[in-house]
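The values are calculated or read from the model by the stated rules, or taken from the named source; none is laboratory data. Quick caveat: nothing in here was measured; it's all calculated off a predicted structure. Reconstructed Cβ throughout: ideal geometry from the backbone, glycine too, with neighbour counts over all protein chains shown.
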Amino acid sequence: MRGKDLLECMEHIDDALIEEALHPVIAPRQHIRTARWGMAAACLFVAGISAAALWSHRNIREEASGGIDNEVAMSMTAEYSTDVGTEGAENINEKNQPAEASAGSAQPDVMADKAENERKDAVMDDLASGGTAAEKTESDNAGVEDMKSATQEALKINYTEIHDYSAAGSASSDDAVPEKGTVLYYQRLQKAIEYYSAQEKDATDYAYAVVIELFGDIGTDTGSHYVHLNQTDDGNELVEQEYRRLIELGYSVRLSEDFLLMGTFTKEEFDTFDACPEYGYVFRFEND
Amino acid sequence: MEDNEIIELFWQRSQQAIAETDGKYGGRLQSLSMNILHDREDAEECVNDTYHATWNTLPPQRPNYFFAYLAKLARNFSFGKYDYYHAQKRNVTVVELSDEIENCIPSPNDLEQKMDSKEIGRIISEFLYTQPPEMRMVFVRRYWYMESVKDISLAFHSSESKVKSILFRMRNRLREHLEKEGVHL
C-alpha cells in the first residue's frame, strides 16, 4: 500500500504543476517532420544551385581554354598560309564552311566570313604581340578581352608558386599600417619578389601565394575609425566586398571561412595592383 | 469563457457557472476520473460530485488555478469511490501505478520519519520544479492525471519508449530527492 500512499500524496502537488501538465508546449512531431523535410529540401536546393554554378563555371573555363586551342591552331594555320603566299583567311574559311557557302553564291555570307576572319587575324596578332593590334575596332574588343583573360589564365597555370622565402630568415611580423590606397609588403615577401624576379625570364614565371590584410574605415558610436578589418567582425562585410571587387578585376583571390583574403599574384600583378582608395593593403606570406 | 469569469458566476450563485464549467472542463474531469475508476457511470458521478463541491466552496474560495482545483476534487472523489467499491478487489491501473511509484520510496531505516501527505506533496512539488518542464509534465500526467503511457506519448508527440524512459529517470531522481529529504512512508 505504500505505493498507493505516495500516489495519493501526489494530490498535494502545486496547482501550477497540474495546470502546466495540461497544456504541454511541445512541438508536434508533424511540425518537426515538416521542418525536417523543409531542411532536406533546402539542402537539396543549395546543392543543386552549387552544382549548377560549378558546372557553368567549368564550362566557361573549358570554353576559354578550348578557345585558346582553336585560336592557336588557327594562328598556326594562318602563319602557314601566309608563308606559302595563298589567301590564308579564305583557306580557313573553306575549312570551316560548307562548300556552297564559300562558293560565292551568297555574297553577304562571304562578306561576313571575311569580317570574321579579319577579327580572327586581329586576335592572332594580339596574341602574338601582346594586345595592341587587337584594338582595331570597337566590335572586336569584347572578344579580345575574353582572349586576353583566357591567355592570362593559361599562362598562370605555368608559373611556379612561391609560398615562402626562407632565405630571408624566419617568419616575421610587421606592424606597419598602410595608408589608404597603398600597398605594403612584408619584408620576406619583398625579398622573395626581388630574388625571383631577378631569375625569371618572363614576368609570369613565378607567382606568390599571399595573404592580403585589409585596412579600412569602420563606423562606431564614436565615429569612423581606420582599422585592421581582419581583426574585427564588423570588417567581414567590407572584406567580402573587396574580395568580390578583386575577383571582378580578374585577380586570383579567395576568401577563407574566417574572412581572410588570400590570393596568388605574379610580380606584374603586384606592380600594377589596383588598390581601392578606401582600403590599405598588406601583402605577406601565410607564415608571416 | 475565462476561468475568472466562471468563478465570478459561482460567486454570483448563477447556475450558468456549472454549465460553463462542464462545457470547458467536463471532458477532462471525466477522463481523469475514468483513468482511476474505469467506469463511465462512476466517473460521471464523481464529476457531478465535483461540481457540487465546487458550488459549495466557491465562495468563499477563489482558486488561482481553477482547473487544478476542480481536478483535485474530482481525483479525491474518484479515489474515494475507488476505495469504497474496490476495498477487496483492487483496480488494475491503481495497482500498476502504485507498484511503479513505490520505486520512489526510500528504504526504511532506524530514523524513519513519518510525514503527512501535504508535506510530502510539497517536497514532490519542490523536486518537480527542479526538473526539465517536459519531464515533469510527463511525470504529472502519469502520476497525477493517471494517464496511460500511450496517451502521454500521444499528448507529447513522442514515442512510448521515450515516455517510459523519462518516467524511469524521474522515479530514480525522486527517490534520491525523498531520501535526501528524509521521507519515509
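Just a yes or no: is a residue in segment A:204-217 among the β-branched types (V, I, T), out of contact with any helix residue (DSSP H, G or I) (no Cβ under 7 Å at 6 or more places or on another chain) and part of a loop (DSSP other than H, G, I, E, B)? Checking segment A:204-217: not a single residue is among the β-branched types (V, I, T), out of contact with any helix residue (DSSP H, G or I) (no Cβ under 7 Å at 6 or more places or on another chain) and part of a loop (DSSP other than H, G, I, E, B). All told, A:V282 meets the bar of being within 20 Å of A:Y206 (Cα to Cα), crowded, with 18+ Cβ neighbours inside 10 Å and touching a His at 6+ places or on another chain (Cβ under 9 Å). Can you find, within segment B:155-185, the residue that is surrounded by the most Cβ atoms within 10 Å (Cβ to Cβ) among those that are without any contact (Cβ under 8 Å) to a residue 60 or more places away in the chain and in contact with an Asp or Glu (Cβ under 9 Å, 6 or more places away or on another chain)? Out of the qualifying residues, it is B:I166.
Is there a residue being among the acidic types (D, E) and surrounded by 17 or more Cβ atoms within 10 Å (Cβ to Cβ) anywhere in segment B:72-85? Looking through segment B:72-85, none of the residues is among the acidic types (D, E) and surrounded by 17 or more Cβ atoms within 10 Å (Cβ to Cβ). Considering the conditions (1) in a helix (DSSP H, G or I); (2) surrounded by fewer than 19 Cβ atoms within 10 Å (Cβ to Cβ); (3) in contact with a helix residue (DSSP H, G or I) (Cβ under 6 Å, 6 or more places away or on another chain), B:M1 is excluded by exactly one of them, (1).
Considering each residue of segment B:136-154, count those that are surrounded by 15 or more Cβ atoms within 10 Å (Cβ to Cβ) and assigned to a helix (DSSP H, G or I), and give that number. Total satisfying the criteria: 12.
Each row is one residue, and each column tells you yes or no for (1) under 25 Å from B:F79 (Cβ atoms); (2) buried (at least 16 other Cβ atoms within 10 Å of the Cβ); (3) not assigned by TED's automatic domain parsing to the domain that holds B:N76.
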position	(1), (2), (3)
B:F10	yes, yes, no
B:R13	no, no, no
B:E20	no, yes, no
B:M34	yes, yes, no
B:E41	yes, no, no
B:T50	yes, yes, no
B:L58	yes, yes, no
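For B:K118, the conditions (1) more than 7 Å from every other protein chain (Cβ to nearest Cβ); (2) part of a helix (DSSP H, G or I); (3) modelled with pLDDT of 80 or more are fulfilled apart from (1).
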